[in-house]
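A short write-up of the structure that comes next.
The values are calculated or read from the model by the stated rules, or taken from the named source; none is laboratory data. Small disclaimer: the values here were computed from a predicted structure and weren't measured. For neighbour counting, all protein chains shown are included, and Cβ atoms are generated from backbone atoms with ideal geometry for every residue, glycine included.
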Amino acid sequence: MNISVNGVAYETESSPLTPLLDVLREELGITSPKAGCHQGGCGACTVLVDGEARRSCILPAAYADGAEITTVEGLGAPEQLSTVQQAFVHHYAAQCGFCTSGMLLAAQAYLNHGGTDDPSGIQEALGGHVCRCTGYLKIVDAVAAAARGELFDLTTTAVGKYTTLTGGGVE
Amino acid sequence: MKVVGARIPRYDGVAHVTGRTTYVDDVRVPGTLWAKALRSPHHHAGIKSIDTRPAEEMEGVRAVVTHEDVPLNVYGHLSALGIPADEPLLAEGDVRYLGQPIALVAADDEDLAAEAVSRIEIEFEERPALLDVRKAFDADAPVIHQWGNWYPHFEAEMDRRQIRKGDVAAAFEQADVIVQGAYRPAAIEHAPIETQVCQVVPEPSGRLTIYSCTQALYFSMGVVAAHLQCSLNKLKFVGGTTGGGFGGKVDTATETMCCLLALRSGRPVKWRWTREEEFLCSSTRAPWHMEVADAVTSDGWILGRKMLTLHDAGAYARFSPYGLTKHSFHHTGAYSIPNLEFDGYVVFTNRSPTSAMRGFGVTSVSFATETQVSRIADVLGLDPIEIRLKNANRIGDTSPNGVVYTDPSTVSTLQALAESTGVELSAEYRTMTSEPRTGEWLPEHLVPQLGNPEEH
Amino acid sequence: MAKHRGRGIAAIEYPTGMNQNGDPSQAWIKVKPDGRVDVFSGTADIGNGSKTIQTQIVAETIGVPYDWVTYDNSNTDSSPMCTGTFASRATFVAGKAVFKAAEQVKQRILEIAGKELEIGVDDLEIVDGEVVAKGAPQTTMSVADVAGAATFVHGELITGTGAQLKPYAAIEDPATGTVDSPPHSAISYATCAAEVEVDDETGEVRVLGLRQCYDVGRALNPTQVEGQIEGGAIMGLGLGVLEDCYPYYPEVDHRGASFGSYLAPAMEDLPQIETILIENPSADGPFGAKGIGEMANNPQPPAIAAAVHDAVGVWITELPITPERVLRALEDKREPRREGKKVVFDEALSVNSVSSGGMRFEVPA
């Protein structure tokens, strides 16, 4: 099959029913989409297929034949992070990082489709993504900030607007 | 201070958002074989016979291991803490929980490994299962563990964790009300997004490089070294970046098996658990059964507590005696209760062995203690915050195991919560501090349990 | 057929460090010829952010910028032992080990600078990568130059090692459970107020809000502390109302094998979360820190249970508080048995009702 990943064309040999996730990870060595469940249940495998967020673990490779796949590397590199990547760094929206790739791509698709900073819209769009570490709050904050087009200072992380510190504190 | 106290971004934050963070499953070593496990389909059964040859003879199958291939099959992970060994790495003679690993196969690809597992011939003889901790002590309960149905190796070979303080009988006699309840939090999954995964590479030097998702590199290395009966420098654990753990990646559930397969086949071996395996076979938080009876005065003093805990350890002890001990040390929670009678048992059942999970031992007792105090407040018609402040840990109070509180924060955290939720406390509670109790805040029943903070 | 709101609270405490101690962590540090710092620690980062925290501790302790420090916990050949990332010990116990190693490095830098500048060590400090004479800020020597001097003039490798170990606290008397020394490094405290809405027709419990107060000793990185508290809150919510390996416990049947059948919390379950951090420093944790990671999921289940009672008048003491349990409780309207001064709840759950005599819970009086 012929797929393009982040603008690079590949001719793949995996059988057409191989999950796209396994083609990317095992055949092409693109390991950023993660194998969280291979059941379509967690979202960690999410990639963009012609701009749409799809769960690559349950998408047969044949569906991606001729398509443009975007993985998280396609959003931006360390020297030039995309808005949503910057938002995730600044808002501490990743802890162990395992769900992050899928979460970012789903967020990017949401923004590409005109998603706003309305938390319920974000929760609706990303609601099928499971994160066990963050409790989701900072992920929602990050996507909302990205939707608002904020600029991010990457040398610090955002103060939780709901947190009050009493006693000692930063000197 | 410039750095400590500052909101510095994650060290690996940029790596996380650019897909550059490397987890075990991202490591690529040419020639890697895939491992799959033969797991018990029964809750409890004897293994009458096992024949792995049909699997070994398949083309593309490079190694099959059973308990016979493990230099030391039964090793107690917490033997350094005096907890003897009871759990086999690979089942030997019997199986005691659904999903217990019996044999491991390494083959050229995942499907082949799974097919090979299905070809292993094994004959079971089903045995009755024990599932309810409350019935484990009955004369007619099936006996499911070589030690009996509950752990008998606490200090002085006691069969329970015991806390005694003061005079519980007197406290219950003096009480105006006795409030009693039973508390049963469930087993839950760690369910990290990264499943258990391990890759072992046999090096030309004879060492084994072990890419592991463990939460504890050296702890797991010690476990593997013990099972393999080798020195630590034979092993190199590579890891330190785990896709979520929550206590479930300390069990060292994959590393030794992969080492055995790598040694047997001479090839790199990877074992990645499916999500089904993770949900159905991995260790869980323990279910607990706790019964609490509190002797209270009508103005809200908790004079004494009697408590029974049955901890559901699943099929083997693992870390359960440790968890129960921690549980017992904290069974009065954020309060100082001077008269105590606690008995706790680590009970075996035929389910996945339970293990550490976030809060291990204390999560359960916090649920029991706090719901109990809420109930007491409700029964007595008292304010739920004020009753907690009344009985709060204060400097100089002693814990269930005799440790003196030098700096408790029950009072400050409750007061902050009250203020934040717009609850108006009466003056005496609003101005309360954690300083040692005096005057009317030091009734007779609390005097004997005080300790000297200077000594700690 | 109505939705009822209720509030409940909980106050908890949690020990830092492995129960009964005896859990070492070790670290070592070397300084490169240009003053940059390499830290080798055996602590795994499971998402809790220990890589970041330990790097912060080193940078602060030595007095160099954060980005001068590289952190390596990648393997057991170069890193010394750390018992592991659990028991809320990564910041306190493992962090103390890197702290001690960093103090040694700082001391060595000061000694070499002192020789070079001909100033006593006690009159020097390190700020932002510069060794500065106290009271004479124009007299400086960069840490880079100190490292260069060490390498090329003094023939020395600037290193530091640190080992943190609280001795094992034995149980002196198994009959009473008393220990011979504190079995923890510190104790953290927290409170939680839960607001729920219970639908008395479906039994569903919606957690609307969690307001929590945590005493963390010192927030070495406040954002990371928030992350632990929020992540823990949702995990506690899961334990309280959603998650169960064995829906028919003690039977093993119908154990969920996927994220659809096992109900890990999702974004739709997000309540309003408000957090108050109190800093009541520990006596000897690094910079006064205590632990936070584990206790973060402890106060929610009992606060939720109390809130459910406040909302609909039933006590549910089996977790999770499922719609089925709520509806059955509302139907049964079971009152506690009152006998003399005893108020006895949950009799159907007790060992006394289930066992055939092998175990009993007998209450005096």
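Scanning the stretch C:261-288 for residues that are farther than 30 Å from residue C:185 by Cβ and within 7 Å of another protein chain (Cβ to nearest Cβ) yields a count of 6. The residues listed here are B:279, B:246; of these, the one that is aromatic (Phe, Trp, Tyr), closer than 22 Å to residue A:38 by Cβ and part of a helix (DSSP H, G or I) is B:279. Restricting attention to the stretch B:202-261, the residues that are aliphatic (A, V, I, L, M), more than 25 Å from residue B:103 (Cβ to Cβ) and touching a helix residue (DSSP H, G or I) at 6+ places or on another chain (Cβ under 6 Å) total 1.
Does residue C:294 satisfy the condition of being out of contact with any Gly (no Cβ under 9 Å at 6 or more places or on another chain), facing another protein chain (nearest Cβ under 7 Å) and touching a residue at least 24 places away in the same chain (Cβ under 8 Å)? Criteria not met by residue C:294. Among the residues of the stretch B:119-147, just one is closer than 19 Å to residue B:92 by Cα and free of Cβ contacts under 8 Å to residues at least 60 places away in the same chain, namely B:143. Name every residue in the stretch A:7-59 that is among the hydroxyl-bearing types (Ser, Thr, Tyr), touching a residue at least 12 places away in the same chain (Cβ under 8 Å) and outside any strand (DSSP E or B), in order of residue number. If the condition is that a residue be among the hydroxyl-bearing types (Ser, Thr, Tyr), touching a residue at least 12 places away in the same chain (Cβ under 8 Å) and outside any strand (DSSP E or B), then A:12, A:14, A:15, A:18, A:32, A:56 are the ones that fit. When C:223, C:191, C:176 are checked against the criterion of being under 30 Å from residue B:155 (Cβ atoms), within 7 Å of another protein chain (Cβ to nearest Cβ) and of a type outside the set (Asp, Glu), C:176 stands alone in meeting it.
Return yes when residue C:314 is more than 7 Å from chain B (Cβ to nearest Cβ) and either outside any loop (DSSP other than H, G, I, E, B) or under 25 Å from residue B:354 (Cα atoms) (or both) and no when it is not. So residue C:314 fails the test.
Among the residues of the stretch B:253-296, those identified as out of contact with any Lys or Arg (no Cβ under 9 Å at 6 or more places or on another chain), under 22 Å from residue B:111 (Cβ atoms) and within 10 Å of another protein chain (Cβ to nearest Cβ) are B:272, B:274, B:275, B:276, B:278. Of the residues examined, residue C:310 is not one that is within 21 Å of the chain's Cα centre (by Cα) and surrounded by fewer than 24 Cβ atoms within 10 Å (Cβ to Cβ).
For beta carbons closer than 7 Å, sequence separation of 6+ or different chains, a first residue in the stretch C:253-272 that is in contact (Cβ under 8 Å) with a residue 40 or more places away in the chain and a second that is surrounded by fewer than 21 Cβ atoms within 10 Å (Cβ to Cβ), the qualifying pairs are C:271/C:208; C:271/C:209; C:272/C:208; C:272/C:209. Residues of the stretch C:40-72 that are over 25 Å from residue B:219 (Cα atoms), of a type in the set (A, V, I, L, M) and not in a loop (DSSP other than H, G, I, E, B): C:59, C:62, C:69.
In a residue-by-residue description of the stretch B:136-157, the property of being more than 30 Å from residue B:302 (Cβ to Cβ), at pLDDT 95 or above, more than 7 Å from chain C (Cβ to nearest Cβ) and not in a loop (DSSP other than H, G, I, E, B) applies to at least one position. The single condition among (1) hydrophobic (A, V, I, L, M, F, W, C); (2) closer than 26 Å to residue B:364 by Cβ; (3) surrounded by fewer than 24 Cβ atoms within 10 Å (Cβ to Cβ); (4) over 16 Å from the mean Cα position of the chain (by Cα) that residue B:292 does not satisfy is (3). Close contacts from the stretch B:210-227, counting a first residue that is farther than 19 Å from residue C:24 by Cα and a second that is surrounded by fewer than 24 Cβ atoms within 10 Å (Cβ to Cβ) and among the basic types (Lys, Arg), with Cβ to Cβ under 7 Å and a gap of 6+ residues or different chains, come to B:210/B:236. Restricting to the stretch A:65-88, name every residue that is part of a helix (DSSP H, G or I) and either surrounded by fewer than 24 Cβ atoms within 10 Å (Cβ to Cβ) or in contact with a Ser or Thr (Cβ under 6 Å, 6 or more places away or on another chain) (or both). Of everything in the stretch A:65-88, those that are part of a helix (DSSP H, G or I) and either surrounded by fewer than 24 Cβ atoms within 10 Å (Cβ to Cβ) or in contact with a Ser or Thr (Cβ under 6 Å, 6 or more places away or on another chain) (or both) turn out to be A:72, A:73, A:74, A:83, A:86. Looking only at the stretch B:61-111, residues that are in contact with a strand residue (DSSP E or B) (Cβ under 7 Å, 6 or more places away or on another chain) and within 19 Å of residue B:264 (Cα to Cα) come to 20 in all.
Going by the conditions given, is residue B:173 charged (D, E, K, R), more than 7 Å from chain C (Cβ to nearest Cβ) and either over 26 Å from residue B:305 (Cα atoms) or not in a loop (DSSP other than H, G, I, E, B) (or both)? It is false that residue B:173 is charged (D, E, K, R), more than 7 Å from chain C (Cβ to nearest Cβ) and either over 26 Å from residue B:305 (Cα atoms) or not in a loop (DSSP other than H, G, I, E, B) (or both). One residue stands out in the stretch C:1-19 among those that are surrounded by 19 or more Cβ atoms within 10 Å (Cβ to Cβ) and modelled with pLDDT under 95: the one that is nearest to residue C:94 (Cα to Cα), namely C:17. Note on the stretch C:163-270: enclosed strands (runs of 3 or more DSSP E) holding 3 or more residues that are touching a strand residue (DSSP E or B) at 6+ places or on another chain (Cβ under 6 Å) and not hydroxyl-bearing (Ser, Thr, Tyr) are C:186-199, C:205-215.
Taking (1) at the interface with chain B (Cβ under 9 Å from one of its Cβ atoms); (2) closer than 22 Å to residue C:5 by Cα; (3) in contact with a Ser or Thr (Cβ under 7 Å, 6 or more places away or on another chain) in turn, residue C:301 satisfies each apart from (3).
Among the residues of the stretch B:176-201, those identified as under 20 Å from the mean Cα position of the chain (by Cα) and more than 7 Å from every other protein chain (Cβ to nearest Cβ) are B:190, B:195, B:196, B:197.
If you go through the stretch B:110-135 and keep only what is away from chain C (no Cβ under 14 Å) and of a type in the set (Val, Ile, Thr), you end up with B:117, B:120, B:122. Checking each residue in the stretch C:69-91 for being crowded, with 22+ Cβ neighbours inside 10 Å and in contact with a Lys or Arg (Cβ under 7 Å, 6 or more places away or on another chain) picks out C:71, C:73, C:76.
Residues that are charged (D, E, K, R) and more than 19 Å from residue C:179 (Cα to Cα) within the stretch B:389-408 comprise B:390, B:394, listed in sequence order. Residues that are more than 13 Å from chain B (Cβ to nearest Cβ), of a type outside the set (A, V, I, L, M, F, W, C) and farther than 29 Å from residue C:50 by Cα number at least 3 in the following helices (runs of 4 or more DSSP H) confined to the stretch A:97-165: A:119-126.
Of the helices (runs of 4 or more DSSP H) lying entirely inside the stretch B:356-421, not one carries at least 1 residues that are farther than 30 Å from residue B:314 by Cβ and among the aromatic types (Phe, Trp, Tyr).
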